[in-house]
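Structure first, commentary second.
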Amino acid sequence: MAKRREFSKAVYVQIVKRAMHPKHGIVCEGCGLVLGKKAWHVDHTIADALQIDKSRKLTADDGKLLGVECCHKPKTAEDVAVIAEAKRREEKHLGIKRPKQSIKSAGFPKSEKAARRSPKQDLPYRPLYRPALNAGGEN
Ligand SMILES: [Zn+2]
């Protein structure tokens, strides 16, 4: 399993500040629900396992403050489905690639060439009929 990157403290604070409503306090960035004392979680906007460039630093744009009950749970379930779909695609892609490679290599087997060559060498290339015709002085 790919290691999930976490937000740095500075980025985390940025996200929390962004979600902070001046009057109502922390608001869910998914649905706008005022969370108050409700549990929330800073979620990765893009499922981390799908990100190709793992060296890129996460910014506040990569995260969303979500209420655990209202938005985070369904989002996580969706991420799992998206990741599973991506893995299926990858497997399918690899499944197409593999037979192509085996066909390619099957076109040049050394043993097959050798097998074709050896009976040729064994065939006695002697003019069998000409001497027989020439020597056909029986009639
Ligand atoms: Zn929400």
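The values are calculated or read from the model by the stated rules, or taken from the named source; none is laboratory data. Everything numeric in this text was worked out from a predicted model, so none of it was measured. No Cβ is skipped: glycine too gets one built from the backbone with ideal geometry, and neighbour counts run over all protein chains shown.
Could you pull out the residue among 36, 63, 30 that is modelled with pLDDT of 85 or more, within 16 Å of the ligand (Cβ to nearest atom) and surrounded by fewer than 17 Cβ atoms within 10 Å (Cβ to Cβ)? None of the other options fit; the residue is 36. If you filter the stretch 21-75 down to residues that are small (Gly, Ala, Ser) and part of a strand (DSSP E or B), you find that the one that is nearest to residue 87 (Cα to Cα) is 63. Listed by first and then second residue, the pairs with beta-carbon distance under 9 Å, at least 6 apart or on different chains, first residue in the stretch 52-78 and farther than 24 Å from residue 25 by Cα, second more than 14 Å from the ligand (Cβ to nearest atom) and part of a helix (DSSP H, G or I), are 54/48; 56/62; 57/11; 58/11; 58/48.
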